[in-house]
Amino acid sequence: MKTKLKPLNRICLLFLVALTVSCGKESGIEPIANDPCEENPCGNPNQCPDQCTSIDTGDAITDDDLNPEGTVTETENGYLVDGSLSLNTEEETIVFAKADLDVQFNDDGTLKSISGTSEIPAPTNYFEFETPVQADIGFFTGKFLNENRDFEIKLVDERSYFVFAVSAGLELKLGVNNDPDAHKPLSIEAPVGGHITFIADYTDPMFFFSLGGDALGGNDNNSDNSNGDNSSSHNKLSSVSFGGSFGSNFMYEPTNPVQGNVVSFQANQVTGGTVSFFKLLEASGMYFQNRGFSADLDFNEPMESDFGANYRAGINGKLDLSMEITSFISFGFPIGSGSAAVVAEASTNDGVTAKAFINGLVDPDLSWWPEFIPLMPDGDINAYGFVEQTGNFDIGLSGSFKIEMPTGNQGMEGSVRATPDAFTMQGEVYSGDDVWGASAVYTTNETKCIATKPDNFSDGISETVTSQIDAAIEATQNAIQELEDAETQYDLELSLRGLRAALPGIIDQANAAIDDAVDAGITTGRNTINSYLSDYNRILCSDNLSGQIDAIVRGHRNALTRLRNAVNESNDNATTRTELEAALRDLAGLDRINRTFSVTIIHGHPTFGCGDLWTMTASRSVTINETVLTSSQKAQLLEAADNVKYIEEADGIRIEAQDIVDQLPTVEELEGLKDNVEACVQELTNGIGGAGFTYNHDTKEFAHFIIINGEEKEVGSFNIFDKNELIEVSRPEIGDCNANGALNKLMEDAKARTKQNQ
C-alpha cells in the first residue's frame with residue numbers, strides 16, 4: 001500500500017461553511033450491520049458462500065499494513081484483537097485504540113473486513129477529537145455502501161471505507177489555515193434517537209460525517225486561535241453532513257443533466273445545507289466543491305469569494321431563483337428537484353468569472369407565476385440556464401403554455417426566457433397542418449405577442465382569396481349549361497310538334513298493319529281447318545276463328561284509338577299531356593302481334609250432315625306474327641312520350657335561361673379576373689410579415705395589428721394564428737386584391753350590357 005498525505009488544514013474550513021448552511025434529514029442513519037450476508041458478504045465468506053462480488057480495490061490495505069497489539073487470537077482468515085490496531089502508512093500511523101475487533105483477510109492478504117468497536121482515529125491533517133470517541137466499526141467497499149446505504153454522497157465503488165456509528169456528540173478542533181497552531185472548535189451533536197455516521201478512507205485520506213437532526217446550532221464566545229473576519233469562537237453542528245477528500249474522491253453527478261461543460265466532476269469537499277449563488281440562486285442539498293478554503297472566505301456569502309480557474313462545484317436538491325429584470329419585475333420561482341453546477345472560467349477582460357448552470361423541474365404549484373400576463377404554463381415546466389458571479393443570468397422555462405387571447409386560449413410548445421434586460425417568449429403553435437412561430441416580450445406595462453406565419457403559408461391562399469370568383473365561374477357555367485339544356489328541350493318540343501302532326505298517319509299505318517294481321521290470321525286459320533277436314537273426310541259445321549282473332553287485336557285497336565283521341569284533343573294542359581304520354585307509351589308497347597291461339601272446329605258427316613248424331617268437335621293451333629309498328633316508329637313514339645312535358649313550356653324556359661346568362665359575366669372575363677387576383681395574392685403573401693397583439697396590464701385591453709411590408713397596421717380583433725383570418729384582415733391593405741369588389745363590378749357591367757341590348 002502506498003499512501004500520500006500532505007497538510008490539509010485549509011481544506012478543513014469546510015466545517016465552518018457548515019455553520020452557515022443547514023440540511024435537514026428526516027431520520028438518522030441505520031445501524032451498520034445486522035445480517036452479515038446482507039451487510040458485508042465479502043467479510044463473512046463462511047456464512048455467505050458465493051455471495052461476494054470481487055472488486056478491484058486499487059491501493060488496498062494488506063496484512064503487512066496492520067499491526068495488532070494486546071490480546072490477539074488467530075482465526076481461520078485473520079485474527080481477533082483486544083487492545084489496539086495500527087494502520088501503517090508511508091507518512092504516519094493510524095491507531096484504532098481500545099479496539100475489540102474481528103479482522104479478516106482475503107486469500108491474497110488484502111483486508112476483507114473489520115467489525116467490532118474501537119476509538120475513532122482522526123486524520124490529523126483535517127481535525128482532531130477533543131476527547132477519544134468510541135464507536136462501532138465496519139469495513140466495506142464503496143460499491144456495497146452505494147447500493148445499500150444512503151449517505152447523500154456517492155463513494156468510489158473500487159475503494160474500501162471504515163464506517164463508524166457514533167452515539168455520543170463530538171468535540172473537534174478544526175484547522176483553518178497553514179498555521180498548524182491555528183484552529184477552530186466545533187461541536188457535533190448526535191440526533192435524537194439516532195447516531196452520527198463517520199466514514200473514513202485513511203489511504204486517501206478522506207472523511208465524511210453523516211448526521212440527522214433538526215437544526216444547525218449557534219455559537220458561544222469561547223476563545224480560539226484562528227484568523228479571519230468570520231471566526232466563530234465555538235460552533236455546534238446538529239444537522240449537516242460534510243466531508244473532505246485529499247484525493248478528490250467525492251463524485252458529483254447531477255440528478256438533472258446540467259447545460260454547459262459541467263456534467264460531473266471529482267470533488268474534494270462536500271457540505272450539506274443551503275448555499276446562495278451570487279444572491280440570485282439559493283440551493284439546498286449536498287454541496288460538492290473541488291477547491292481548498294482559506295481564512296478570507298466570506299462565510300455569509302461563500303459563493304462571493306474569489307474563484308480560481310477550473311473551480312468546480314455542484315449541488316442536487318431544491319433550488320430557488322430570484323431575478324431582477326429591468327423591463328419587467330422582480331421574478332423568481334422554485335425548482336422542486338434540480339441540479340446546479342458551478343464552473344470558474346478565465347476571461348481576458350474580467351479575470352476569473354464563476355457561472356452556475358442549473359437544470360430541474362419547476363414546482364407544480366404555479367402561485368409564483370405573474371398572473372397579469374396573458375400566458376400560463378399548461379403542464380410540467382423545465383427550468384435551465386445559468387447565473388453568473390457578475391449578476392448576469394440567462395434562465396429558460398420550457399414546456400407547454402397557454403396563450404390567452406380574446407378569440408380563445410391557444411396552446412403553445414416553447415419557452416420563456418429571463419435575462420437582466422428582458423422577459424421574453426419563443427415557441428410554436430400548431431393549427432391544423434400549419435406550424436406558426438410565436439414570440440412575446442413582457443414588460444411592466446404590457447405584453448406584446450407576435451405570430452410568425454408558417455412556412456406553408458402561401459399554400460391554398462390563392463384558392464381562399466379567389467373562392468368567390470370560382471363560385472361565380474361555377475354559377476356562370478351552370479347557367480350556360482341550363483341554357484343549353486333549355487335549347488335542347490325547345491328543339492325536342494319543336495320536333496314533338498312535327499311528330500304530333502304525323503301521328504294520325506302512323507295510326508292509320510298501324511291500323512292497316514292490324515288489318516293485314518287479321519287477314520293473315522284468318523287465311524292461316526282457314527287453311528289449318530280445311531286441312532283437318534280433308535284429312536278426316538269431314539265437313540265444317542262451324543268454328544270460332546274470327547272471334548279469336550278479333551280478341552287478339554282488340555288491345556292494339558284500342559291503343560290506336562286512345563292515341564288518336566289524345567292527339568285530336570285541342571285543350572293542351574297537364575291532364576291532356578299526361579294522357580298523351582300514356583297513350584304513346586301504350587301503343588309503343590304493342591309494336592308486334594305474335595300470338596298462338598286454339599281454334600275450335602265443329603264438323604259433321606259428309607253424307608248425313610251436321611245433325612246432332614253426326615257432329616264432332618276438334619281444336620287446332622293457329623299463329624299470328626305481324627309487325628304493327630316499325631322500330632323507327634316505336635322510337636318516335638317513346639321519344640315523344642319522354643318530351644311531352646316540355647310542350648309549350650320549353651320556349652319559356654329557353655328564354656329565361658338566356659336572360660340569366662346575359663346578366664352574368666362571361667367565363668373569359670371571370671378567368672381574367674382570377675388571374676389578376678392570383679398575381680396580387682402573391683404580392684399579398686410576400687408582404688404579410690405576421691400579426692400580433694398588445695395587452696395592457698392595467699386596462700386589460702387587447703389591441704391587434706398586422707405587419708405589412710415591415711410596417712405594423714392596427715386592425716380589429718382576430719385570431720392571429722388563423723391563416724384565413726389573417727388574409728381577410730390583410731387584403732384591404734392591398735386594393736388590387738379586393739376580389740369581392742372586382743367581381744361585383746363585372747356583375748354590374750354584365751347587367752348594363754343586357755339593358756343596352758334590350
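The values are calculated or read from the model by the stated rules, or taken from the named source; none is laboratory data. The structure presented is a predicted model; accordingly, all values stated were derived computationally and were not measured. When we count neighbours, we look across all protein chains shown, and the Cβ atoms used for this are built from the backbone with ideal geometry, even at glycine. For the accessible areas, the whole protein counts, side chains as well, though only heavy atoms, and no ligand, DNA or RNA atoms are used. Shrake-Rupley method; radii C 1.70, N 1.55, O 1.52, S 1.80 Å.
Descriptive notes on the structure:
- With respect to the stated conditions, residue 404 is under 26 Å from residue 689 (Cβ atoms) and without any contact (Cβ under 8 Å) to a residue 60 or more places away in the chain.
- Within the range 78-93, the set of residues being closer than 19 Å to residue 105 by Cα and either of a type in the set (D, E, K, R) or free of Cβ contacts under 8 Å to residues at least 12 places away in the same chain (or both) comprises 82 only.
- Reported count of residues in the range 383-404, each being open to solvent by 30 Å² or more (accessible area, probe 1.4 Å), closer than 15 Å to residue 333 by Cα and under 19 Å from the mean Cα position of the chain (by Cα), is 1.
- Long-range neighbours under 6 Å by Cβ, at least six apart or interchain, first residue at pLDDT below 75 and of a type in the set (A, V, I, L, M, F, W, C) within the range 253-282, second open to solvent by 10 Å² or more (accessible area, probe 1.4 Å) and not in a loop (DSSP other than H, G, I, E, B): 258/357; 258/359; 262/357
- For the range 611-651, the tally of residues that are surrounded by 15 or more Cβ atoms within 10 Å (Cβ to Cβ), at pLDDT 85 or above and either farther than 23 Å from residue 519 by Cα or under 60 Å from the mean Cα position of the chain (by Cα) (or both) stands at 2.
- Residues in the range 698-716 that are assigned to a loop (DSSP other than H, G, I, E, B) and more than 21 Å from residue 404 (Cβ to Cβ): 2 in all.
- Qualifying positions in the range 367-424 - assigned to a loop (DSSP other than H, G, I, E, B) and in contact with a Lys or Arg (Cβ under 6 Å, 6 or more places away or on another chain): 409
Conditions (1) among the aromatic types (Phe, Trp, Tyr); (2) closer than 14 Å to residue 139 by Cα; (3) modelled with pLDDT of 85 or more; (4) crowded, with 19+ Cβ neighbours inside 10 Å, marked per residue:
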site	(1), (2), (3), (4)
40	no, yes, no, yes
48	no, no, no, no
56	no, no, no, no
73	no, no, yes, no
86	no, no, yes, no
95	no, no, yes, no
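- Of all the residues in the range 113-135, those that are of a type in the set (D, E, K, R) and at pLDDT below 90 number 2.
- Selected residue [out of contact with any strand residue (DSSP E or B) (no Cβ under 6 Å at 6 or more places or on another chain), part of a loop (DSSP other than H, G, I, E, B) and open to solvent by less than 60 Å² (accessible area, probe 1.4 Å)] from 584, 560, 590: 590
- Of the residues making up the range 686-699, at least one is at pLDDT 70 or above and acidic (Asp, Glu).
- Filter pass, residue 565 being polar (S, T, N, Q), modelled with pLDDT under 90 and open to solvent by 70 Å² or more (accessible area, probe 1.4 Å): yes
- Per-region count, the range 393-425, residues in contact with a Leu (Cβ under 9 Å, 6 or more places away or on another chain), closer than 27 Å to residue 355 by Cα and not aromatic (Phe, Trp, Tyr): 6
- Once the range 568-578 is narrowed to residues that are outside any helix (DSSP H, G or I) and open to solvent by 60 Å² or more (accessible area, probe 1.4 Å), the residue that is modelled with the lowest pLDDT is 570.
- Tally of residues being within 14 Å of residue 113 (Cβ to Cβ) and aliphatic (A, V, I, L, M) across the range 61-95: 5
- For the range 320-334, a residue qualifies if it is modelled with pLDDT under 85, open to solvent by less than 40 Å² (accessible area, probe 1.4 Å) and either within 18 Å of residue 388 (Cα to Cα) or touching a helix residue (DSSP H, G or I) at 6+ places or on another chain (Cβ under 7 Å) (or both), and the qualifying residues are 321, 323, 331, 332, 333.
- Filter result for residue 173 (over 56 Å from the mean Cα position of the chain (by Cα) and either modelled with pLDDT of 90 or more or among the hydroxyl-bearing types (Ser, Thr, Tyr) (or both)): no
- Matching residues, the range 512-557, being part of a loop (DSSP other than H, G, I, E, B) and either open to solvent by 80 Å² or more (accessible area, probe 1.4 Å) or aliphatic (A, V, I, L, M) (or both): 537
- Residues of the range 126-151 that turn out to be open to solvent by less than 50 Å² (accessible area, probe 1.4 Å) and either among the hydroxyl-bearing types (Ser, Thr, Tyr) or touching a residue at least 12 places away in the same chain (Cβ under 8 Å) (or both), as a count: 15
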